[in-house]
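Only the coordinates and a few stated rules stand behind these numbers; no lab work does. These figures come from a predicted structure and were not determined experimentally. A quick note on method: Cβ atoms are made from the backbone with ideal geometry, for glycine too, and the neighbour counts reach across all protein chains shown.
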Amino acid sequence: MTHICIVEDDDSIRQLLKLTLENFQYEITDFDNGEDAYQYLLDNKVDLAILDLMLPRMNGYDILKQIRQNKLNRETPVIILSAKDQEVDKILGLDLGADDYMTKPFSVLELAARIRTLLRRTHKETNKLDLGILHIDVDQRIVHVEDKVVELTYKEFELLRYLATNSGRAISREELLNQVWGYDFVGETRTLDVHINSLRKKLGPTGRNYIKSVRQLGYRLSVGDQDA
């Protein structure tokens, strides 16, 4: 399982990141201060790190400088996630060895996409999902049912990808809205239901058989005809 280290002193943001990435089937180790994270990264290899800059006990810049000098995580992809939004801050972070820089507030969906991009570069993530006759190419954003290409909108594709990544698990409407539309989405769950209905229609019998409603909760994607 791909291992991601999160270093963030804001409890609410750290827990949001942890929950989100665990739902994407990543193994998470998280820290609320720079010193503990630095000591951990000296002795433990991770596949990717998400790093805040303004941290207690050791700031993110110093952590980045040190791990880039350490053989174990020298090549580990690092995403800086910070409220520091000045150009000089971004340039400094990238010059010190960060692979990407995102400013707060941020989109969870965009962060997940950037993580996938960095992991693909280091060959740490599988880019295709195959569930029975349903085939999803994450890189090319192409969906096939058997040999037929299914045209989806951006949100429909992200919704299907999240359901497929969590195949077999019942997922609440709230989680799907948070993951696909963003944690700050303000709207009705009807938006989700409309997209689910559209997905089912476009996928044909496969959509009706695979995407099941879970009473009083949300939806589940399962290979085969299972009752919910």
Fill in: Neighbour-count ranking [beta-carbon atoms within 10 angstrom, fewest first] of ARG116, ARG208, ARG190
ARG190, ARG208, ARG116
Worksheet item: What residue among GLN39, GLN15, GLN216 shows peak mean-square fluctuation when the chain is described by a Gaussian network model with Cα springs under 10 Å?
Response: GLN216
Fill in: Label of the coordinate-derived value, Cα extents along the principal axes in Å, listed as (i) 53, 38, 31; (ii) 66, 44, 34; (iii) 54, 34, 29
(iii)
Worksheet item: Using only helices, what value at 222 nm comes out for the chain when you add -39,500 (n - 2.57) per DSSP H run of length 4 or more and divide by the total residues, to the nearest 500 deg cm²/dmol?
Response: -11500 deg cm²/dmol
Discussion item. Need the list of lysines near LYS202 for cross-linking: C-alpha distance under 19 angstrom, and skip anything on the same chain fewer than eight residues off.
Written reply: LYS148, LYS155, LYS212
Worksheet, complete the sentence: the chain, Gaussian network, Cα under 10 Å: of SER12, SER172, SER198, the residue fluctuating most is SER12
